[in-house]
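To start, the structure under review is shown below, and the notes come after it.
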Amino acid sequence: MNKQVSSIDPKRFRSVMGAFATGVAIVTTASKGEWFGATVNSLTSVSLEPCMLLFCVSDGSTTGLAIRSSGRFAVNILGQHQSDLSARFTESGTDRFKGLALDLSADGLPLLKGAAAQLCCRVAAIHRGGDHDIILGEVLSGEDIACNPLVFHKGTYGSFQRAG
């Protein structure tokens with residue numbers, strides 16, 4: 001006889017997953033003359049042939065909708081010195097780009113100056129995963145600089161220390 005296992009409480013799940021330290025990135029795009037961006041920590045590489053990555057955004061987020069519309073996005077992997085940007089791009093109802101030092105990619109995507117790394121991508125697929133969209137992107141270009149990454153663990157920012 002099969003026993004049905006009840007699902008974990010979402011708050012408990014969030015707490016348990018918080019034990020997994022992650023990097024922090026801001027995904028940006030340009031759509032219909034506007035810039036959009038959101039902080040993510042669900043970023044992962046998927047493939048080397050072709051080079052692909054994925055990240056997740058809340059279903060219906062303005063940034064997710066703009067990426068769906070434009071078909072392209074940039075990933076700005078944050079350095080340890082950029083925790084303020086991470087917090088800024090989680091706020092709603094504000095101009096997240098106001099006063100920021102930016103570069104533009106060849107196709108007009110906003111790139112955050114000082115980021116540890118930047119990747120420009122085109123959307124390869126979007127899948128639904130619960131209350132989030134999983135956006136799969138083909139990486140078209142990428143750059144990195146020498147700096148320590150911003151780390152997120154148990155609801156707070158930290159830094160990375162090399163072992164040994």
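Would you pick out the residues in region 71-88 that are over 16 Å from A117 (Cβ atoms) and of a type outside the set (S, T, Y)?
Those that are over 16 Å from A117 (Cβ atoms) and of a type outside the set (S, T, Y): G71, R72, D84, A87, R88.
State all residues of region 105-141 that are of a type in the set (D, E, K, R), outside any strand (DSSP E or B) and either closer than 16 Å to G71 by Cβ or touching a Gly at 6+ places or on another chain (Cβ under 6 Å) (or both); if no residue qualifies, say none.
Answer for region 105-141, where residues must be of a type in the set (D, E, K, R), outside any strand (DSSP E or B) and either closer than 16 Å to G71 by Cβ or touching a Gly at 6+ places or on another chain (Cβ under 6 Å) (or both): just D107.
Restricting to region 143-156, give me the number of residues that are surrounded by 12 or more Cβ atoms within 10 Å (Cβ to Cβ) and more than 23 Å from F73 (Cβ to Cβ).
Qualifying residue count, region 143-156: 2.
Quick check on region 118-142: of everything there that is farther than 20 Å from G79 by Cα and among the small types (G, A, S), which residue is surrounded by the most Cβ atoms within 10 Å (Cβ to Cβ)?
G137
Can you list residue pairs whose Cβ atoms sit under 7 Å apart, with the first residue in region 37-61 being in contact (Cβ under 8 Å) with a residue 12 or more places away in the chain and surrounded by fewer than 16 Cβ atoms within 10 Å (Cβ to Cβ) and the second being of a type outside the set (F, W, Y) and assigned to a loop (DSSP other than H, G, I, E, B)? Count only pairs 6 or more apart in sequence or on different chains.
Sorted first by the residue in region 37-61, then by its partner, the pairs are S58/D131; D59/D131.
Out of all the residues in region 76-92, which are small (G, A, S) and in contact (Cβ under 8 Å) with a residue 60 or more places away in the chain? It would help to see each step written out before you state the result.
Residues of region 76-92 small (G, A, S): 79, 83, 86-87, 92.
Those that are small (G, A, S) and in contact (Cβ under 8 Å) with a residue 60 or more places away in the chain: G79, S83, S86.
Need a quick list: helices (runs of 4 or more DSSP H) entirely within region 1-92 having at least 2 residues that are within 13 Å of L136 (Cα to Cα).
Details: elements: 10-17, 62-70, 83-88.
Qualifying helices (runs of 4 or more DSSP H): 62-70.
Only the coordinates and a few stated rules stand behind these numbers; no lab work does. Source: prediction; values computed, not measured. With ideal geometry, Cβ positions are generated from the backbone for all residues, glycine too; neighbour counts draw on all protein chains shown.
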